[in-house]
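Asks: Here you go, one structure.
Nothing in this text is a laboratory measurement; each read-out follows from the coordinates by a stated rule. Note that this is a predicted model, so its numbers are computed, not measured. Counting neighbours? That spans all protein chains shown, and the Cβs are built from the backbone with ideal geometry, glycine included.
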Amino acid sequence: MKLASSLAACVTLAVLVTVMAQERPQPVLLGSFETAEESKPFAAVGGCKAERVQEHAAQGQWALKVLFPGSPKDTWPGLAYKPVGDLSKYELLAFDVFNPSDEKVSLSIRIDPAEGEAVFAGYSLKPKGMTTCEVYLKGYADATGAVRLKQILPYRRMPREDATLYFDNFRLGFAMDKFKETVYADDSPMPDLTAADRERGFVLFARPYLDAVFPNTIPKPEELNPKLDLFAARGEREPVTFSVRALRDLKGLTATVSPLDDGAGHGIPASRVEVRLVRNLRKRFHYAALEYILMPTYLELAKPLDLPANTAQRFWLTVHVPEDAAPAIYHGRVTVRAEGAEATIPLRLRVLPFKLDDPPGIAYGPYYRPHQLAKQGDLAAQRDFIRRDLQDMRDHGMTSLGLCVGLDSAKVKMDGDKVDLGLDGTSPFEMALDAYRDLRFPEPVCLLTDGAQSFAGKHKLESDEFASAYRAVTMALNAEAKRRGWPEIILQPVDEPAWQDKAACDRNVRCLQILKQIPGQRTEQDGPGDKYFHEVAGPLADVWNYNGSYASPEVIKKAKAAGKLIWIYNNDVEGYRPEMMRYTAGFHLAATGSDGVFNWEYRGGSGDLYNDFDGQH
C-alpha cells in the first residue's frame, strides 16, 4: 500500500497510481523566430524594441529579445501578435518568456477577441529562468464556436524601469499535453456480504463527512449497515453522509428522507433535510500542479441516478433545524431505492436547547467576483443574482466578504473639494453592498478593488495631487457608506504586493501611508509573512492577512498587542483536503487567536467551471 502525502488525510488503504495523460497531437508552432519571416506577425509597440538573437531560446536556436522601456509617465509597452484564422481546434495558445533579471518581473497579457471586450491576465516571471505563459482559448468562442482573436498583447503595465525579456516558441496546443493522471486504487478486500445484500444489488455504508469517498472506494466491514446520528442547535445546518456501493448496474438510484419526530408531538418536516449527490471531477492538486485526480468535488441536488457496478456514490444530507424546534431527540429514516430494491437507514437527530450566534469579531468570508453577472439579463436579474449569492454565503455562516468589485473610476468626478462617485444604483459594487447590508453580515467588508486609487492614478504616485485625490474619493466613499447604512469598508490597496515587483510594493506603501491619514479608515495587507509584510507594510496596515500559514506565535502576539487584526486566507483553495479548511476555521483559529479566515473564491475561473484544464487556474 502507498499513500500520496498530499492526500494522506483522506485516503486510507489505497494506492495512488500515476499514469500518463492520453497522447494528443503535437503543438502547432506559430513562431520561434528561427527566420526573419517568422518574426513578421510580431510587432513591438509602445516604445518597445525587438530583435532576433541567439540567446535564451526555448525552441530552436533563436529567440526574440524585447526591451520594455521604463518611463516616469504611465506607458504600456508591449509585443503585439495577431493570430490568423479559427483557433477552436486547440485549447490554448502558449509562449515562453525568459527573464534574465535577478528580480521577478511582472508581465501582463491583453487578449482582444474578434467580438466582445478585451480580457486581461498576468504573470510574475521568475528571475533567471523561463516562464510559460498560456492563453486558454475556449472562453473566446463566438456564437458559432469559432475562436478568432484580433491580437494577443504581452505588455508591461506602467513600468518605471527598463526590462529586457526573451520571447520564444509561440504555439497552439492542448492543455492535457502536460498533465499526468493520479488514479485512486482501493486495495481493500470487499467485506463479507449477506444473501440479502447480493439480491438487493447494493450495500450501504457511512464514514465521517471529512473522509473522502471515491468512485471505487470499498467499504470497511465496520462501515456497513450504518446508523446516521447527529446533533445541532436550533437554526443550525448540519451535514451527515452515507454512501452506496453498487454490486451490479443500478438504474434510477434515489434516496428520500422521512419526517422526523420525537414521539411527543414535536416534528421536523422532511423538507428541512436537503439531499444532494457528491459529484466527482478531475481536479489538479493545486494551481501549478501537473498531476490530477478524479475526486469528490461538489454537491449536486439529488435526482435519480444510474450507478455502474462496483462503483460507490456518496449522498450528502444537510439538516436545517427550524429556529423554533423543541429541544429533543428526533428519529426518522432514509430510504434508498433502485429498480424495486430498497434499504433503510435510521436517522437520529438531537436538537440542542439554544441557538448559535455569529462569532463576534470573527470574519469568515470568500473572495467574491460576481462571475457571469452580465449573462443574467437586466439590472433586476443582476441584482437578484448577487443577492442570491450573498444569501447563500450567510446560510453557510459567512460573516464577511472579500469584495472584488469597486467604484467605476471612469464615472468618478472631482471638482475642487467636491467628489461625485458616479453611483446610480446600477453598479455591481452597489448591488453587493446593498445585499450585504440587508442580509445583516455582521463584520466589515474587505474591498480589494480600490477605485479611489484608480481614479487618483492619473496623477504621479508620489505627487500631492495623487494623495489629495486618493484621500478625497476614499473619504467620499466612507461618507456614502454611512449614508446608505453600508458596513465599514476595510481597504486593500494592492493584492499580494510581495509576490509582484518592487513598483507594486512601493505603491502599496504609498497608498497605506495616505490612507492612514484618514480618521477611522482601516486597511489590509495580504501575502506571505515575509520581511516586507512585517517590517515595511505591516506597521501601516491594520489587518495582517497571511497566505496559507501564520508567522510565529511570538510575532502574532506582538501584532495583536499593537492592535492588528490577524486573518489567514487560501488554506485549501483546491478543495481536496476538506479537513484543512474545517480546522483552520475552527480549532486552529481559536488556538492562534486569529480574527478571520478567507478563501479564494466563491465562484470563478476561466472557460468551463467544471473543467480544470481549460484555464490557467
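Asks: Express in nm, to one decimal, how much length is gained between SER188 and ARG237 on full extension, taking 0.36 nm for each residue of separation and deducting their alpha carbon distance. All intermediate terms of the calculation are to be shown ahead of the outcome.
Replies: Values: separation 49, 0.36 × 49 = 17.64 nm, distance 3.35 nm.
Taking 0.36 nm per residue and subtracting the Cα distance, the gain is 14.3 nm.
Asks: Express the C-alpha Rg of segment 498-609 as a ratio against the empirical globular expectation 2.2 N^0.38 Å, rounded to two decimals. Before the final figure, lay out each step's value.
Replies: Details: Rg = 15.2 Å, N = 112, 2.2 N^0.38 = 13.2 Å.
Dividing the Cα radius of gyration by 2.2 N^0.38 Å gives 1.15.
Asks: Along each principal axis of its Cα atoms, how long is segment 336-473 end to end? Whole angstroms, biggest number first, please.
Replies: The Cα atoms of segment 336-473 stretch 75, 37, 24 Å along the principal axes, largest first.
Asks: Kindly state, to the nearest 0.05, the FRET efficiency for ARG52 paired with ASP395, given R0 = 56 Å and r defined as their beta-carbon distance.
Replies: Details: r = 59 Å, r/R0 = 1.05.
My answer for the efficiency is 0.45.
Asks: Any idea what the relative contact order of the chain is, in percent, if you count C-alpha pairs under 8 Å spaced at least 6 apart?
Replies: On the way: 1349 pairs, mean separation 71.4, N = 617.
Relative contact order of the chain: 12 percent.
Asks: With +1 on each Lys and Arg Cβ and -1 on each Asp and Glu Cβ, and nothing else charged, work out how big the dipole of the chain is about its Cα centre, in Debye to the nearest 20.
Replies: For this selection, approximately 160 debye.
Asks: Given the -39500 (n - 2.57) contribution per DSSP H run of 4+ residues, what per-residue ellipticity at 222 nm results for the chain, rounded to the nearest 500 deg cm²/dmol? Please report the intermediate quantities before stating the final value.
Replies: Values: 10 runs with 101 residues, N = 617.
The per-residue figure over the chain is -5000 deg cm²/dmol.
Asks: Of all DSSP beta bridges located in segment 190-355, what percent are antiparallel, nearest 5? All intermediate terms of the calculation are to be shown ahead of the outcome.
Replies: Details: 47 of 54 bridges.
Roughly 85 percent of the DSSP beta bridges within segment 190-355 come out antiparallel.
Asks: Also, quick follow-up: Under a Cβ-only charge scheme (Lys and Arg +1, Asp and Glu -1), can you give me the dipole magnitude of segment 175-216 about the Cα centre, in debye to the nearest 20? Mind showing how you got there, number by number?
Replies: Working: 5 positive and 8 negative charges, 26 e Å.
Dipole magnitude for segment 175-216 comes out near 120 debye.
Asks: For segment 28-178, with only Lys/Arg (+1) and Asp/Glu (-1) charged at the beta-carbon, what is the dipole magnitude about the Cα centre, in debye rounded to 20?
Replies: Working: 19 positive and 20 negative charges, 45 e Å.
Roughly 220 debye, rounded to the nearest 20.
Asks: Distances over 29 Å make up what percent of all Cα-Cα pairs in segment 190-355? Each step should come with its number before you reach the end.
Replies: Numbers: 3376 of 13695 pairs.
So the pairs more than 29 Å apart make up 25 percent of the total in segment 190-355.
Asks: Sticking with this one: Using r as the Cβ-Cβ distance of SER468 and GLU488, and R0 as 30 Å, what FRET efficiency do you calculate, to the nearest 0.05? List each step's numbers first, then the result.
Replies: Working: r = 23 Å, r/R0 = 0.78.
Working from the Cβ atoms, E equals 0.80.
Asks: If you add up the charges near VAL319, with Lys and Arg at +1 and Asp and Glu at -1, over every other residue whose beta carbon is less than 13 angstrom from its beta carbon, what do you get? Kindly include the intermediate steps, with their values, before the conclusion.
Replies: Working: positive: ARG234, ARG237, ARG272, ARG276, ARG348, ARG350; negative: ASP229, GLU236, GLU238, GLU274.
Net charge around VAL319: +2.
Asks: Something else: Please grab the % of Cα pairs in segment 28-178 that end up more than 27 Å from each other. Walk me through the numbers on the way to the answer.
Replies: Numbers: 2149 of 11325 pairs.
The proportion of pairs with Cα distances above 27 Å equals 19 percent.
Asks: Of LYS82/LYS460; LYS531/LYS557; LYS413/LYS482, which pairs sit farther than 25 Å apart, going by alpha carbon to alpha carbon? Mind dumping the intermediate values first?
Replies: Working: LYS82/LYS460 33 Å; LYS531/LYS557 17 Å; LYS413/LYS482 20 Å.
LYS82/LYS460, as the Cα separations exceed 25 Å there.
Asks: Based on the alpha-carbon gyration tensor of the chain and its eigenvalue square roots a ≥ b ≥ c, which shape applies: rounded if a/c is under 1.5, prolate if not and a/b is larger than b/c, or oblate?
Replies: Values: a/c = 2.09, a/b = 1.34, b/c = 1.55.
Oblate, since a/c reaches 1.5 and b/c is not below a/b.
Asks: What nm distance separates the two modelled labels at LYS89 and SER108, each placed 7 Å from Cα along Cα→Cβ?
Replies: Distance between the two pseudo-spin positions: 3.4 nm.
Asks: Something else: Quickly work out the HIS266-to-GLU300 label distance, labels modelled 7 Å from Cα along the C-beta direction, and quote it in nm with one decimal.
Replies: My value for the distance between the label points is 3.8 nm.
Asks: Here is a follow-up. If R₀ is 25 angstrom, what is the calculated FRET efficiency for the pair GLN376 and ASP142, using the beta carbon separation as r and rounding to 0.05?
Replies: In this case the efficiency is close to 0.80.
Asks: Same structure, new question: Please say if segment 363-599 is rounded, prolate or oblate, where rounded means a/c under 1.5 for a ≥ b ≥ c the square roots of the C-alpha gyration tensor eigenvalues, and otherwise the choice is prolate for a/b larger than b/c and oblate otherwise? Intermediate results must be reported in sequence, preceding the final value.
Replies: Values: a/c = 1.87, a/b = 1.12, b/c = 1.67.
Oblate shape, in that a/c is at least 1.5 and b/c is the bigger or equal ratio.
Asks: A follow-up question, please. On a full-extension model of 0.36 nm per residue, what is the gain between SER549 and ASN216, subtracting their alpha-carbon distance, rounded to one decimal in nm? Don't jump to the answer; show the numbers that get you there.
Replies: Numbers: separation 333, 0.36 × 333 = 119.88 nm, distance 3.34 nm.
Extending this stretch completely gives an extra 116.5 nm.
Asks: Report the one residue of ALA36, GLY252, THR474 whose Cα lies farthest in the direction of the positive end of the charge dipole of the chain (charges on C-beta: Lys and Arg +1, Asp and Glu -1; origin at the Cα centre).
Replies: Most positive-ward Cα: THR474.
Asks: Of TYR155, PHE231, GLY520, which is farthest on the positive side of the dipole of the chain, counting Cα position, with +1 on Lys and Arg Cβ, -1 on Asp and Glu Cβ, and the Cα centre as origin?
Replies: About the Cα centre, the residue reaching furthest to the positive side is GLY520.
Asks: A further question on this structure: Please name whichever of GLY78, GLY145, ALA504 sits farthest to the positive end of the charge dipole of the chain, dipole taken about the Cα centre and charges placed at Cβ: Lys and Arg +1, Asp and Glu -1.
Replies: Value: ALA504.
Asks: Would you grab the residues whose amide H sits under 5 Å from the one on LEU250? Only those 5+ places off in sequence or on another chain, please, with H modelled 1.01 Å from N.
Replies: When sequence neighbours closer than 5 places are left aside, the close amide H contacts are LEU307, ALA309.
Asks: What's the center-to-center distance, using Cα atoms, between segment 75-121 and segment 390-441 in Å?
Replies: Computed from Cα coordinates, the inter-centre distance equals 31 Å.
Asks: Moving on to the next point. Can you tell me which aspartates and glutamates have their Cα less than 19 Å from the Cα of LYS303? Leave out same-chain residues fewer than eight positions away.
Replies: ASP249, GLU274, GLU339, GLU342
Asks: Oh, and also: Determine the relative contact order of segment 190-355: mean sequence separation of Cα pairs under 8 Å and six or more apart, normalised by residue count, in whole percent.
Replies: Answer for segment 190-355 is 32 percent.
Asks: First check a/c for segment 225-280, with a ≥ b ≥ c the square roots of the eigenvalues of its C-alpha gyration tensor; if it is under 1.5, answer rounded, and if not, answer prolate when a/b is larger than b/c or oblate otherwise. Present the calculation step by step, with values, prior to reporting the outcome.
Replies: Values: a/c = 2.28, a/b = 1.93, b/c = 1.18.
Taking the square roots of the gyration eigenvalues as a ≥ b ≥ c, segment 225-280 is prolate.
Asks: Let me ask something else. May I ask you to compute the full-extension gain from ASP229 to LYS516, defined as 0.36 nm times their residue separation minus their alpha-carbon distance, rounded to one decimal in nm? Provide the component values of the computation, followed by the final result.
Replies: Working: separation 287, 0.36 × 287 = 103.32 nm, distance 5.19 nm.
Full-extension gain reported as 98.1 nm.
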